[in-house]
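This report concerns only the one structure given below.
The values are calculated or read from the model by the stated rules, or taken from the named source; none is laboratory data. Note that the structure is predicted; figures quoted are calculated from it, not measured. Note: ideal-geometry Cβ built from the backbone for every residue, glycine included; neighbour counts use all protein chains shown. To get the accessible areas, we keep the full protein, side chains included, count just its heavy atoms, and leave off ligands, DNA and RNA. Shrake-Rupley method; radii C 1.70, N 1.55, O 1.52, S 1.80 Å.
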Amino acid sequence: MKKTTKICCIGAGYVGGPTMSVIANQCPEIQVTVVDINQDRINQWNDEDLDKLPVYEPGLKEIIASNRNKNLFFSTEVDKAIEEADIIFISVNTPTKTYGKGKGQAADLKFIELCARNIAKVAKTDKIVVEKSTLPVRTAGAIKSILENTGNGVNFEILSNPEFLAEGTAVDDLLNADRVLIGGDDTPTGQKAKDTLSAIYEHWLPKDRILQTNVWSSELSKLVANAFLAQRVSSINSISALCERTDANVAEVARAIGYDSRIGSKFLNSSVGFGGSCFQKDILNLVYIASSFGLQEVADYWEQVIIMNDYQKRRFAENIISTLYNTVSGKKIVFYGWAFKKDTNDTRESAAIYVADALLEERAEIIVYDPKVSEKTIYADMDYLNTRTPEENRRLLKVVKDPIKATEEAHAIAILTEWDEFKTYDWDKIYNNMLKPAFVFDGRRLLDSETMTAKGFEFYKIGQS
Ligand code: UDX
Ligand code: ADP
């Protein structure tokens, strides 16, 4: 009988969870086990109530419902899963370093290294080890050296297989990936490993969308893809500032330039600033790598993308303050949205956090409503900044469940996330609830200016005077 291929994924996060669920779903003959040292997370993945999964992604619950405990397992038994697996995906977190050399820029590879050492210790048979986490260039080399020097004499083939899914559309991005990138050695065993991984994706993707490269190209391509995407957002955001001072409208400019097929229309939505776990981290990584090779101009060039993003968040907060007659002290400002974009409960690097921080510095009172983000996460985000005490954060910022009631006696509403439901609210009722003049600051260009103005609002939209 043919042996069942077993896959293990270390790290049950925003990448590991959805990716492995889709693989299990598309490859019924493969057994997939997702492991994590975080017992709470694994419990959530195993929760009977599919609304309690740790990651919210459209389409994910359905997949979990059909595959969980059939060929998809979530467990804390890391060593057992490693031992049994033919292919091991590493999908642990690689935050920006908060200490030592490269602090604030380089990726902290502590978790990757611990993971590699654990694989080396436990593995008794040959394995293909796949880097799924986004890593600085040359990490595969480091993993290889750890595995080769401390392993039990087994052969490890290291592949880089960066994940390009975007949150909120993870399932769709995985099922209809523009491309899958597989980096590995050009040796016969390296080639065999690349083909083995490719065969998994070929279950549902055409072969010509699966690109094979060397390891370094693959690792670097992931950073560069995110840097280019983020750069587009910063580019259009820089123009939004100019539009607000002139009679140009940033949406019209984006549309006009996007019609040029060389530029393209996607990723040109001006906003309060990009967030998410990837863009800033990956650019900082690129900046660090460039400067560590003495390429200061290259480093400065990419750093500007982040400088522009910080400027955009600050500009949005400053516009609220100056429009509310230069003082927001004691004023009630309602935040619609906290997630870094719609259709996700992820708040990492969300613009909302930094806008809130700037307004709280001016003693505003903030009321937050987000359809998917918990109160616990919102306070954790604010406490993490360490700008004020946890008690102050809880006194000045409240999290509510009723978005309409939240607007009673409010001075202003700021839209921080583009949740579709905000468009369907009864804005006449909201207007009546609010103090006058009733200000709305649309950081996502979600609402129509003419309609909002006609209802009586003082309406400000990013990228429009
Ligand atoms: C990104 C990449 O898109 C994905 O390929 C990679 O694997 C991980 O990083 P993600 O961070 O999930 O994905 O979300 P994305 O849709 O790229 O949005 C990132 C941020 O940019 C969000 O805050 C979003 O609101 C913002 N954005 C995006 C804009 O402000 N304008 C746009 O036009 C597009
Ligand atoms: P991403 O967004 O890249 O998926 P997350 O932070 O959401 O990142 O998830 C990474 C997960 O990896 C976390 O749940 C963390 O507990 C887990 N993890 C980190 N180190 C290890 C390890 N050595 N073994 C198992 N799981 C780990």
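The string of couplings for the range 31-37 from the Karplus curve (6.51, -1.76, 1.60, θ = phi - 60°) is 9, 10, 10, 9, 10, 8, 7 Hz, one whole number per residue in order, with x for Gly and Pro.
Take the range 310-465 with all the other protein chains still there, run a 1.4 Å probe, and you get 45 Å² of accessible area per residue. Put simply, the amide H of Val32, placed in the peptide plane, has neighbours under 5 Å in Ile7, Leu72, Phe73, leaving out anything fewer than 5 places away on its chain.
Free of any GluC sites (Glu not before Pro) that DSSP assigns to a loop and that have at most 11 other C-beta atoms within 10 Å, the longest stretch within the chain is 49-408. Please report the net charge: other residues with Cβ closer than 10 Å to the Cβ of Ile404, K and R +1, D and E -1. Its environment carries a net charge of -1. For Val368, the residues whose amide H sits under 5 Å from its own are Phe335, Lys398, Val399, Val400, ignoring neighbours fewer than 5 places away on the same chain, with H placed 1.01 Å from N. Rounded to the nearest angstrom and listed largest first, the equivalent-ellipsoid semi-axes of the chain from its Cα gyration tensor are 42, 24, 21.
The separation of the range 220-237 from the range 69-100, counted between C-alpha centres, amounts to 28 Å. Protein heavy-atom accessible surface, 1.4 Å probe, per residue over the range 254-298: 55 Å². Of Lys97/Lys144; Lys266/Lys405; Lys266/Lys341; Lys372/Lys461; Lys6/Lys192, which pairs sit farther than 26 Å apart, going by alpha carbon to alpha carbon? Beyond 26 Å between Cα atoms: Lys266/Lys405. Using the heavy atoms of the protein chains alone and a 1.4 angstrom probe, what is the accessible area of the range 87-193 per residue in square angstrom? Roughly 42 Å² per residue, with all protein chains present. Reported to the nearest whole Å, the Cα centre-to-centre distance from the range 292-364 to the range 418-461 is 21. With a 1.4 Å probe and all protein chains left in place, how much of the accessible area of the chain comes from carbon and sulfur atoms, in whole percent? Answer for the chain is 51 percent, counting heavy atoms of protein chains only. Near Leu159, the amide H atoms lying under 5 Å from its own belong to Val129, Val130, Glu131; only residues 5 or more places off or on other chains count, and H is placed 1.01 Å from N. Shown here for the range 84-172: chymotrypsin sites (Phe, Trp or Tyr not before Pro) in loop regions (DSSP other than H, G, I, E, B) with at most 12 other Cβ atoms within 10 Å, namely Tyr99.
Across the range 76-120, the convex hull enclosing all Cα atoms gives 79 Å³ per residue.
For the range 308-457, averaging the sequence separation of C-alpha pairs within contact (under 8 Å, six or more residues apart) and dividing by the residue count gives a relative contact order of 25 percent. Here the range 195-211 and the range 365-415 have alpha carbon centers that stand 45 Å from each other. Residue by residue, the range 319-335 carries 3J(HN,Hα) couplings of 5, 4, 5, 5, 5, 7, 6, 6, 8, 10, 4, x, 8, 8, 10, 8, 9 Hz when phi is fed to the Karplus relation 6.51 cos²θ - 1.76 cosθ + 1.60 (θ = phi - 60°); x denotes Gly or Pro. Taken one residue at a time, the phi angles of the range 250-258 give Karplus couplings (6.51, -1.76, 1.60, θ = phi - 60°) of 4, 5, 5, 5, 4, 5, 5, 6, x Hz. Gly and Pro are set to x.
Computing FRET efficiency as 1/(1 + (r/R0)^6) for Tyr99 and Asp79, where r is the C-beta to C-beta distance and R0 is 35 Å, gives about 0.75.
Loop-resident chymotrypsin sites (Phe, Trp or Tyr not before Pro) (DSSP state other than H, G, I, E or B) in the range 270-367 with no more than 15 further Cβ atoms inside 10 Å of their Cβ: Phe293, Tyr325.
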